[in-house]
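Inspection log for the structure reproduced underneath, given as structure tokens.
The values are calculated or read from the model by the stated rules, or taken from the named source; none is laboratory data. Quantities reported herein were computed from a predicted structural model and do not represent experimental measurements. Here the Cβ positions follow ideal geometry from the backbone for every residue, glycine too, while neighbour counts run over all protein chains shown.
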Ligand code: SAM
Ligand code: SF4
């Protein structure tokens, strides 16, 4: 479907849970987060119905996210069923990788088209500190298993000043060693995120260019997202930069988001959305109209600098 600004909207991120087995501070507080009761979370049947109707209006690519999607039982079956919906071209999933090694073969068999694995440090102690107790070896093992299973694998790393900013080159070396895309994400002021604590991707690029003067922009398409990729001659792995704060990519935005409670968010930055609950109680025409309304309501662009209207929900509730 084409939105009011002429953009093709063909991609939906679906958060299947607000729960997580980790506690990255920029995303979820260590304690005090209110768990949403399961009765308020969309069932898989409801999610599949939304996907079917979304596919009818041209949304053909879906990303399953969370919270941590793999803490919700049956996530693999959801992937399998989504893949069978007419019009669905691609289903991918984003995960912290902690429980992925055990599920990766099943996901491959279900037809997953790609995995994004979040990992902010390659050092065990630091990884544990950033994630509130995560085990680095589990995520590393999951990355290897995902690559071995032939799944398109990307690693997402969020850099914070005085926390992991000294790992830019280690992550670049990791991308080249594994032959995968490693993407650096700028921290956004959504939920608990404080951009002042993060690094701008201009700073990241400067570090990379100093070490690798031959680094050049890679114009080939790597996926659906707003990352700009850089490559080195002779290497398969690339480095992606996702610059929500410092370089607006809104004119290329192709997505809407579904929260685990059934809110369609036209833009990550703002709180507003279209609640699908009422439409779910009606027929598919009502659901289609609600989805179309969300696409129509997509703003021309975001401004994270206008704090008053910025999204206050935790990123774990939205799905990134
Ligand atoms: N648990 C899964 C994971 O970590 O990949 C999926 C959900 S998580 C919310 C998705 C992505 O959002 C992660 O890569 C995480 O680093 C990113 N994220 C969380 N809070 C953020 C923030 N304030 N700004 C930018 N990215 C953020
Ligand atoms: Fe959990 Fe992902 Fe948020 Fe970390 S970024 S707390 S892994 S939902």
Worksheet item: Counting only residues that are touching a helix residue (DSSP H, G or I) at 6+ places or on another chain (Cβ under 8 Å) and within 13 Å of ligand 2 (Cβ to nearest atom), which one in the stretch 119-131 is farthest from residue 156 (Cα to Cα)?
Response: 128
Worksheet item: In the stretch 126-135, which residues are away from ligand 1 (no atom under 14 Å from the Cβ) and either buried (at least 16 other Cβ atoms within 10 Å of the Cβ) or under 19 Å from the mean Cα position of the chain (by Cα) (or both)?
Response: 126, 129
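Here is a list: 72, 80, 52. Which entry is surrounded by fewer than 22 Cβ atoms within 10 Å (Cβ to Cβ) and within 12 Å of residue 112 (Cα to Cα)?
Values: 72 fails: within 12 Å of residue 112 (Cα to Cα); 52 fails: within 12 Å of residue 112 (Cα to Cα).
Of the residues listed, the single one that is surrounded by fewer than 22 Cβ atoms within 10 Å (Cβ to Cβ) and within 12 Å of residue 112 (Cα to Cα) is 80.
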Discussion item. Given the criteria within 14 Å of ligand 2 (Cβ to nearest atom), touching a strand residue (DSSP E or B) at 6+ places or on another chain (Cβ under 8 Å) and at pLDDT 95 or above, does residue 95 qualify?
Written reply: yes
Practice prompt. Give the residue, chosen from 107, 42, 70, that is more than 13 Å from ligand 2 (Cβ to nearest atom) and more than 21 Å from residue 280 (Cα to Cα).
Written response: 107
Item to complete: Could you grab me the full set of residues in the stretch 20-39 that are surrounded by fewer than 17 Cβ atoms within 10 Å (Cβ to Cβ) and at pLDDT 95 or above?
Response: 21
Worksheet item: Is it the case that the stretch 164-178 has a residue that's on the phi > 0 side of the Ramachandran plot, touching a residue at least 40 places away in the same chain (Cβ under 8 Å) and in a loop (DSSP other than H, G, I, E, B)?
Response: no
Response to the item:
Checked the stretch 1-19 for anything surrounded by 22 or more Cβ atoms within 10 Å (Cβ to Cβ) and more than 14 Å from the chain's Cα centre (by Cα); matches are 9
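Can you tell me which residue is modelled with the highest pLDDT among those in the stretch 296-320 that are under 19 Å from the mean Cα position of the chain (by Cα) and not in a loop (DSSP other than H, G, I, E, B)? Don't jump to the end; show me each part of the working.
Applying the first criterion (under 19 Å from the mean Cα position of the chain (by Cα)) to the stretch 296-320 yields 298, 301-302, 304, 310-320.
With not in a loop (DSSP other than H, G, I, E, B) added as a condition, the list becomes 310, 315-318.
Values: 310: 73, 315: 83, 316: 80, 317: 78, 318: 78.
Residue satisfying both the conditions and the ranking: 315.
What about residue 279, is it crowded, with 21+ Cβ neighbours inside 10 Å, without any contact (Cβ under 8 Å) to a residue 24 or more places away in the chain and not in a strand (DSSP E or B)?
Values: crowded, with 21+ Cβ neighbours inside 10 Å: yes; without any contact (Cβ under 8 Å) to a residue 24 or more places away in the chain: yes; not in a strand (DSSP E or B): yes.
Spelling it out, residue 279 is indeed crowded, with 21+ Cβ neighbours inside 10 Å, without any contact (Cβ under 8 Å) to a residue 24 or more places away in the chain and not in a strand (DSSP E or B).
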Discussion item. Could you go through the stretch 246-267 and let me know if any residue there is more than 30 Å from residue 57 (Cα to Cα) and either within 16 Å of ligand 2 (Cβ to nearest atom) or over 16 Å from the mean Cα position of the chain (by Cα) (or both).
Written reply: yes
Practice prompt. Can you tell me which residue among 112, 85 is more than 16 Å from ligand 2 (Cβ to nearest atom), under 19 Å from residue 222 (Cβ atoms) and touching a helix residue (DSSP H, G or I) at 6+ places or on another chain (Cβ under 6 Å)?
Written response: 112
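With respect to residue 231, is the statement that it is surrounded by 14 or more Cβ atoms within 10 Å (Cβ to Cβ), away from ligand 1 (no atom under 16 Å from the Cβ) and in contact (Cβ under 8 Å) with a residue 24 or more places away in the chain true? Spell out how you get there, then give the answer.
Values: surrounded by 14 or more Cβ atoms within 10 Å (Cβ to Cβ): yes; away from ligand 1 (no atom under 16 Å from the Cβ): yes; in contact (Cβ under 8 Å) with a residue 24 or more places away in the chain: no.
In short, no.
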Response to the item:
Residues of the stretch 1-18 being more than 16 Å from residue 315 (Cα to Cα) and part of a loop (DSSP other than H, G, I, E, B), in sequence order, are 1, 3, 4, 5, 6, 7, 9, 10
Worksheet item: What number goes with the only condition from (1) in contact with a helix residue (DSSP H, G or I) (Cβ under 9 Å, 6 or more places away or on another chain); (2) within 16 Å of ligand 2 (Cβ to nearest atom); (3) not in a loop (DSSP other than H, G, I, E, B) that residue 187 does not pass?
Response: (3)
Worksheet item: Does any residue of the stretch 215-225 turn out to be modelled with pLDDT of 95 or more, away from ligand 2 (no atom under 16 Å from the Cβ) and under 30 Å from residue 33 (Cβ atoms)?
Response: no
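Which residues, counting only those in the stretch 154-181, are within 16 Å of ligand 2 (Cβ to nearest atom) and closer than 16 Å to residue 142 by Cβ? Please lay out each step first, then the result.
Step one: list which residues in the stretch 154-181 are within 16 Å of ligand 2 (Cβ to nearest atom), which gives 154-160, 163-164.
Residues satisfying the conditions are 154, 155, 156, 157.
How many residues does the stretch 190-211 hold that are away from ligand 2 (no atom under 16 Å from the Cβ) and touching a helix residue (DSSP H, G or I) at 6+ places or on another chain (Cβ under 9 Å)?
Going through the stretch 190-211, the residues away from ligand 2 (no atom under 16 Å from the Cβ) turn out to be 196, 199-211.
Imposing the further condition that a residue be touching a helix residue (DSSP H, G or I) at 6+ places or on another chain (Cβ under 9 Å) reduces the set to 199, 203-204, 207-208, 211.
Residues in the stretch 190-211 being away from ligand 2 (no atom under 16 Å from the Cβ) and touching a helix residue (DSSP H, G or I) at 6+ places or on another chain (Cβ under 9 Å): 6 in total.
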